[in-house]
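Report on one structure; see the data block that follows.
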Amino acid sequence: MSILRQLLLSVTLAIGVILLGTLALSVNSAREYLSGQLTVQSTDAAVSLALTLSQPANNDPVLQELLVSALFDGGHFSLVRLSDPEGKVLIERKATAAETSVPRWFQKLAPLDAQSATHAVSDGWRQIGEVTLVANDAYAWEALWASSLKMIALVVGAGILWAVFAFVLVGWIKNRLLREISDHVRSIGQDTPPEQVEARVPELSGVVQALNQTRERVYASVEEQNAKIESLELELNQDPVTRLPNRKYFVNEFRRALETPASATGAGKHQPAIDGGHVLVFRQRDLADLNRHMPREFIDQWLRAACERIQGTLKSMHVAAPLLARLNGSDFALLLPGCAAPQAMMLAEQLRADLHASRIPVGEGHLCRWAQAMTDYSHGNQAGPVLARLDFGLMRAESANNDQVVIAGATDMQSPSESGERAWKDAILTALDKRQFELAMEPLLAADGSTVRTEAMLMLRTAPDQVPIPATLFIPPAVRLDLVANCDLESVSLGLDWLASHEGELAVRVALPSLRGQKFFRQLALLLTERRALASRLFLEIDAHGLVECHEQIATLARVVSEFGARIGVRRLAQQFGAVAQLHTLPLSYVKLGGGFVGGMSQSPGSQQLTASVLETARALNIAVYAEDVPDAETQRILSGLGISIMRGPGVKPVSGKA
């Protein structure tokens, strides 16, 4: 029992004892008073009756009996007796017990002591008798009972008033005193800065002042402990160089992501929830050589700048809840929860471009290299196998000796897992159904800066607020999903729409796998039939590998497009010189040279001679030759000397005054 209740109970018991004692004393005092009054009444009446009977005129027995009867009949006495000197009763009047409303228990609890009164009756000096009177106590009992009831009512009323007062007192103490103290004590552990609180109850001013001082000391102690904890957390979970989370923190967050269902991670504004996500790791392959050739401070600053650039890219692309971490000295990881395969691939390509742009020289002769690998994960996967796939993907990326992103799958370690394929399929089918494809246009310029034609690349837009995905990223999964023909037909349809509202010619790319089925040719013919007037300005560009690997399908394509006046071009001829022997078998409009063949032309006379042979063969067949990936002005000069006037690349500059 609480101290407050014990105090109230003790006070209540004391009040109860006082009230009961007061009641008992009051009833006892009234009883004694009434008993005395009855005795006095009996005495006075006995004296009066004795004096009356002592008169000589009243010595007659008949008159004496009349006087006794008259006194008894008044009802104030229960016994009137006249006896002779020897005690013999001469006259006696005695009343039976009268019915009264006073309870018997009360009469037994508070009895009235009605004493009998006697007095001698004399005739002169001679005693002739004695009278005895006992007063009737019925009226006294009723008066005592009535007064007792009033006293009991008063006591009960006082008790009720005390109970109400005690209840109100307890509520006031709880609401004012205890609640105020509780609020002050409860605010001690809060993180908000302490404020001086004034006591609302004067009696608590000392307690409130002590609590204010305690709150200030506790707040100062909590702030100090929080600073220490934050410092320790940073040391435990943060890389000191890049200020990114370390491996321990990343692995813990990755395991939490694997245990979190898709509904808890949420999704983008225009996208459904993805059950899982993607993880991208990238490694600086030459970090040891960089540390040997350059100061450590410079390398640390360079790594921080590269990480800041990546974080800026993540922010600009509105990636939801990414986690960029440094796993060890040379390895970094990017966790993309709830990110579907198309967006993840787009983001990986942008990060590849950022890392490529941030490269610095290492030793002599080349720039530092990055290796990248990406895989997807689903809810319920284990962290160990997923990270093992990424390690294997990094090994493959290092073996490939380029900076392309390697996709590490869950089954054969070489292809996207089932969930990744499903994400690509949903994205491509949705785009085909809702016509979310678009074309990215780039003009093909001649040496004098004039536009030869416009070249288009198919782009996939998965959401209005997402950056569109180029065909180089989604065509490979479209090939695996047998949707590439639909994508190429959509590209041709968009190209014809563009020709309907623009002047000039347009070239669109067609993937070789689209040519495997006759359905593609039928649909293509139907599109060209509906837009026959525009077909003469349309070019379909195919890969040079197809001239060797699927010559019959390309011949069929040539027959279909030639019927409507469209033309065919070939790209990347330098990567498949076996296609040169097939140039005369097809009605081609142009071929493109590019890649490392053009890039090394300034240092390789053999490449120049081979280019001259290709030019001679193409010119004999009335096929134009273009050059791509021209690295510098020297290569442009060599190509111009060979007769190539249409070039593209970082080293190409328009030549003024040339037609």
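The values are calculated or read from the model by the stated rules, or taken from the named source; none is laboratory data. This one's a predicted model, so the numbers in the text were calculated from it and none came from an experiment. Note that each Cβ is placed from the backbone with ideal geometry, even for glycine, and that neighbours are counted across all protein chains shown.
Step by step: first the residues of the range 362-377, then only those that are over 10 Å from residue 282 (Cα atoms) and at pLDDT 85 or above, then the one that is surrounded by the most Cβ atoms within 10 Å (Cβ to Cβ). Which residue is that?
Taking the range 362-377 and keeping what is over 10 Å from residue 282 (Cα atoms), we get 362-369, 375-377.
From what's left, at pLDDT 85 or above: 368-369, 375-377.
Numbers: 368: 18, 369: 18, 375: 27, 376: 29, 377: 27.
Among those residues, the one meeting the criterion is 376.
Regarding the range 271-289, can at least one residue be identified that is under 30 Å from the mean Cα position of the chain (by Cα), in a helix (DSSP H, G or I) and at pLDDT below 80?
no
Residue-by-condition table, conditions (1) within 15 Å of residue 580 (Cα to Cα); (2) not assigned by TED's automatic domain parsing to the domain that holds residue 567:
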residue	(1), (2)
618	yes, no
624	yes, no
630	no, no
649	no, yes
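What helices (runs of 4 or more DSSP H), lying completely within the range 541-652, carry at least 2 residues that are modelled with pLDDT of 85 or more and more than 28 Å from residue 520 (Cα to Cα)?
Ranges flagged: 605-620, 633-642.
Against the definition (under 30 Å from residue 343 (Cα atoms), modelled with pLDDT of 95 or more and in a helix (DSSP H, G or I)), how does residue 515 come out, yes or no?
The answer is no for residue 515.
Of the conditions (1) within 56 Å of the chain's Cα centre (by Cα); (2) closer than 14 Å to residue 545 by Cα, residue 599 fails just one. Which one is it?
The one condition residue 599 does not meet is (2).
Quick one: is residue 104 more than 23 Å from residue 133 (Cα to Cα), among the charged types (D, E, K, R) and in the same structural domain as residue 132 (by TED's automatic domain parsing)?
Answer is yes for this residue.
State whether one or more residues within the range 560-577 are surrounded by fewer than 19 Cβ atoms within 10 Å (Cβ to Cβ), in contact with a Pro (Cβ under 9 Å, 6 or more places away or on another chain), over 18 Å from residue 458 (Cβ atoms) and free of Cβ contacts under 8 Å to residues at least 40 places away in the same chain.
yes
Just to be sure I understand, how many residues within the range 83-100 are modelled with pLDDT under 75 and touching an Asp or Glu at 6+ places or on another chain (Cβ under 9 Å)?
Of the residues in the range 83-100, 2 are modelled with pLDDT under 75 and touching an Asp or Glu at 6+ places or on another chain (Cβ under 9 Å).
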